[in-house]
Amino acid sequence: MDRRSALNLQTQIFEQIRGMILTGRLRSGQRLPSSRHLCQQLRVSRITITLAFARLADEGYVETAKSLGTYVSRQIPEQALHALQVDPEPNAVPVALDHFRPDLLKIRSHNLVDAKQHRSLIDFWVGRPDARSFPLRTWARLMTKRLLSAGTALTEYRDPTGLIELRQAIADHLRPARGINVDPEQIIITGGCQEALNLVCRMLLPSGADAIVESPGYAGASYLFESFGARIHAIEVDERGLDVARLPDVTRALAYVTPSHQYPMGYTLPLDRRLELLAWAVKTNSYIVEDDYDSDFRYVGSPLAALKALDRANRVFYVGTFSKCLGAGLRIGYVVVPPSLLPAARHYKTLMNNGQPWLEQAVLADFMHTGSYARHLRIIRQHYLGKRDALLKALHSHFGHGAAIGADAGMHLVWRIPKHFPAASTVVSKALEYGVGVYDLSARAAVSPAKTAYAERHLMFGYSSLTEKQITAGVERLAAALAEPATKDKRPESAMLS
């Protein structure tokens with residue numbers, strides 16, 4: 001017994017005897033020493049032995065026969081004990097994966113966490129809101145108020161489709177902001193947009209079905225469709241967004257699009273293509289998922305109404321999220337479901353997780369109903385506009401005008417690398433040596449055909465989480481990185497900017 005261990009003596013006895021049983025050193029039906037004998041041998045109290053034996057009995061490892069003593073349980077199958085003694089081979093693939101789902105070994109997922117950010121002093125990571133902009137005081141006040149009046153809300157199951165107050169608040173927001181006239185019952189609250197996509201896939205994407213994605217586009221959707229066994233049709237985008245004329249001649253397909261601010265390139269799908277896309281859905285008996293991930297940030301002109309606002313045939317699932325305007329840590333998104341599919345959507349959502357956490361939903365509902373959300377959007381929209389302008393000014397100053405794409409909206413823009421500079425992957429490496437994180441399309445949840453102009457001649461700059469001072473300094477360092485070969489770490493100590 002180790003009397004200096006953080007584990008108490010009772011637990012040490014329990015774990016050692018359990019280990020001897022599982023490794024076969026103590027066999028099924030074998031009698032254990034008496035508690036009196038063990039307490040003398042181990043120099044512990046008899047009650048310690050008794051409690052350890054009681055725990056072993058409760059978990060099924062031993063059984064006690066009156067007047068006969070304590071024995072290793074006869075209910076533990078010998079073959080189970082032998083199996084536990086087999087040491088797995090190094091790097092062996094679990095048999096269960098290969099036997100039941102060979103395709104599990106091929107599953108891919110997108111990367112939402114920057115593994116390099118701890119090395120980059122100025123990080124243009126895409127899709128990250130400014131942590132300083134989170135309305136912490138208001139949120140804390142509303143959360144305290146809800147907690148004090150929670151009653152049974154924290155201890156009981158709620159509606160799996162979401163808190164009705166939040167769904168009503170979202171419906172009230174969508175009417176003027178996106179032109180969508182929707183009943184709150186059509187809205188299902190999800191854990192971000194990715195769960196919303198999972199819900200739609202479970203409903204409409206059997207194995208072997210056709211799925212249409214943009215190229216380049218959001219890998220989180222493409223990889224998800226792959227995991228359901230879909231046939232992927234990657235349709236290239238041009239300066240007007242998805243090239244609708246290239247849509248395949250298929251039926252009962254599912255198309256994923258980002259029409260308001262195409263991800264990652266930032267193009268806006270014009271009205272004529274939107275109408276063509278809706279007509280295609282009706283003609284082919286297909287459905288469309290509209291991901292409106294950052295539509296709250298529009299800097300030039302008035303945004304077009306959402307694709308869902310034009311949908312008279314109820315062929316569009318509209319997906320929204322609060323990850324960009326508030327924070328991904330809240331894990332709150334939503335999907336607007338066509339009325340005819342609501343019963344099925346409700347059942348599938350219930351099977352997935354029985355609903356999102358009540359407290360976050362309730363606080364967000366209050367945040368929206370009190371007008372705080374609208375004020376928050378106005379404030380951060382102006383902040384992000386200033387950051388976007390600082391980035392455009394810096395890029396223009398160092399590299400000339402006209403190379404920025406998708407700057408009219410959103411939280412990032414794409415920079416077309418001048419022809420005399422190396423390929424995107426090389427620029428990324430050079431910039432990192434100067435303490436700057438910039439990203440090619442493949443690094444930021446975007447898929448594109450290999451060896452295309454998109455993949456090799458474009459970089460993504462997320463600006464929403466940086467200060468204007470950081471943005472200016474970051475582009476200045478990028479220019480220095482591209483002006484000469486970067487052979488060593490050239491980050492100055494003064495680079496830490498707040």
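The values are calculated or read from the model by the stated rules, or taken from the named source; none is laboratory data. Everything numeric here is computed off the predicted structure, so don't read it as measured data. Cβ placement follows ideal geometry from the backbone for every residue including glycine, while neighbour counts extend to all protein chains displayed.
Data for the structure
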read-out	value
Hits in segment 401-421 - residues which are out of contact with any Ser or Thr (no Cβ under 8 Å at 6 or more places or on another chain) and outside any strand (DSSP E or B)	401, 402, 403, 406, 407, 410, 417, 418, 419, 420, 421
Filter result for residue 200 (over 24 Å from residue 330 (Cβ atoms), modelled with pLDDT of 95 or more, assigned by TED's automatic domain parsing to the domain that holds residue 307 and not charged (D, E, K, R))	no
Test: residue in segment 290-307 that is surrounded by fewer than 20 Cβ atoms within 10 Å (Cβ to Cβ) and farther than 28 Å from residue 386 by Cα	no
Residue within segment 353-369 that is modelled with pLDDT of 95 or more, part of a helix (DSSP H, G or I) and touching a His at 6+ places or on another chain (Cβ under 9 Å) present	yes
Any hit, segment 254-261, residues being within 23 Å of the chain's Cα centre (by Cα), closer than 23 Å to residue 310 by Cα and either part of a helix (DSSP H, G or I) or small (Gly, Ala, Ser) (or both)	yes
Residue 363 vs. criteria over 19 Å from residue 196 (Cα atoms) and under 22 Å from the mean Cα position of the chain (by Cα)	yes
Some residue of segment 268-282 being within 19 Å of residue 414 (Cβ to Cβ) and among the acidic types (Asp, Glu)	no
Test: residue in segment 173-183 that is small (Gly, Ala, Ser), out of contact with any His (no Cβ under 6 Å at 6 or more places or on another chain) and at pLDDT below 95	yes
Residues (in a helix (DSSP H, G or I) and at pLDDT 90 or above) located in segment 431-450	431, 432, 433
Residue satisfying condition, being of a type in the set (D, E, K, R), modelled with pLDDT of 60 or more and closer than 27 Å to residue 354 by Cβ, within set 108, 137, 167	167
Hits in segment 142-165 (condition: within 20 Å of residue 369 (Cα to Cα), under 28 Å from the mean Cα position of the chain (by Cα) and without any contact (Cβ under 8 Å) to a residue 60 or more places away in the chain)	144, 164
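Here's the yes/no breakdown for (1) within 14 Å of residue 300 (Cα to Cα); (2) modelled with pLDDT of 95 or more:
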| position | (1), (2) |
| --- | --- |
| 379 | no, yes |
| 387 | no, yes |
| 401 | no, no |
| 405 | yes, no |
| 417 | no, no |
| 429 | no, no |
